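Enquirer: Have a look at this one before I ask anything.
Each reported figure results from applying straightforward, stated rules to the coordinates on display, with no laboratory input. Being a predicted model, the structure only gives us computed values, none of them experimental. When we count neighbours, we look across all protein chains shown, and the Cβ atoms used for this are built from the backbone with ideal geometry, even at glycine.
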Amino acid sequence: MPKAAIFDVDGTLLDSVDLHALAWHEAMEKFGHDVSFEQARGQIGKGGDKLIPHFLTADAQRDHGKEMEEWRGKRFKAEYLPLVRPFSAVPDLLRRVRDAGVRIAVASSAKKDELGKYLDIAGIADLVDVTTSSDDVEESKPAPDVFEAVLKKLGMRGGDAVAIGDTPYDAAAAGKAGIATVGVLCGGFTEESLRQAGCVQVYPGPAAMLACFGDSYLAK
């Protein structure tokens, strides 16, 4: 059995991907960039350090990249954070993981202040042993930094843990840290894209993982 389960948050535990995409779409448009909701949504799962360069030139990043990211953060907190809800069975899944003797960690591309609120919304703040946010690392997913930081806090190697995420960026980042990834479809990415990125199992969402817990990598 693994010694730790490392969960992504947005799109994995919380139904928030569309809301983040809306905030990024609006931020891009406000600062003069023609980026559709669908284009922004395809990049959710990355931190701003990876998402912004996907759409902005180097000159545009220097000119207003930081200002745009700050506007996006304020917009999300004011308009969309109150709408974020957890997927079904999230606390029950994490309790099942703990009952199996597996430690629980979170590796998110969110900012640290956002992450604390997310854990409260999901009702899992008291179930998580270790957290790592984009503020703790130099690069966000798909770079492996967040997973490497979590492993260091846990005092474990990659082979001791299993990651759970909803995007190819989760799987790519975890794989670089030597961690196997279980994918979930509730974030909107296809099973094919998750498996191509390296996911060893794919489930519809947390409730399905809980129902099939005995057959999952979390129990093997």
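Enquirer: Would you pull out the residues with amide H under 5 Å of ARG103's amide H, same chain only if 5 or more places away, H placed 1.01 Å from N?
Expert: Correct list: ALA4, ALA5.
Enquirer: Still on this structure: Roughly how many whole Å is it from the C-alpha centroid of region 95-130 to that of region 1-57?
Expert: Region 95-130 and region 1-57 have Cα centres spaced 20 Å from each other.
Enquirer: Suppose we look only past 31 Å in the calculated P(r) of the chain. What percent of the Cα-Cα pairs does that tail hold?
Expert: In whole percent, the share of Cα-Cα pairs in the chain beyond 31 Å is 15.
Enquirer: Taking the Cα atoms only, what angle lies between the long axis of helix 90-99 and the longest principal axis of the chain, rounded to 10 degrees?
Expert: 40 degrees
Enquirer: Treating only the Cβ atoms of Lys and Arg (+1) and Asp and Glu (-1) as charged, compute the dipole magnitude of region 17-82 about its Cα centre; round to the nearest 20 debye.
Expert: Using Cβ point charges on Lys, Arg, Asp and Glu, region 17-82 gives about 220 debye.
Enquirer: How large is the dipole of the chain about the Cα centre if only Lys and Arg carry +1 and Asp and Glu carry -1, each at its Cβ, rounded to the nearest 20 debye?
Expert: 600 debye
Enquirer: What distance in nm lies between label points placed 7 Å from Cα along the C-beta direction at SER88 and GLU191?
Expert: The modelled label-to-label distance comes out at 1.9 nm.
Enquirer: Run the numbers on the chain and let me know its relative contact order in percent, using alpha-carbon pairs under 8 Å that are six or more apart.
Expert: 26 percent
Enquirer: In percent, what relative contact order does region 17-82 have, based on Cα pairs under 8 Å that are 6 or more apart in sequence?
Expert: Worked out over region 17-82, it gives 43 percent.
Enquirer: So how tilted is helix 145-154 from the main axis of the chain? Cα-based, degrees 0 to 90, rounded to 10.
Expert: Between the helix axis and the principal axis of the chain, the angle is about 40 degrees.
Enquirer: While we're looking at this one, here's another question. Suppose R0 equals 45 Å; then what is the FRET efficiency for CYS212 and ASP135 from their Cβ-Cβ distance, rounded to the nearest 0.05?
Expert: 0.85
Enquirer: Assuming 0.36 nm per residue, please report the length gained on full extension of the stretch TRP71 to LYS220 beyond their Cα-Cα distance.
Expert: That pair, TRP71 and LYS220, stretches by 49.3 nm at full extension.
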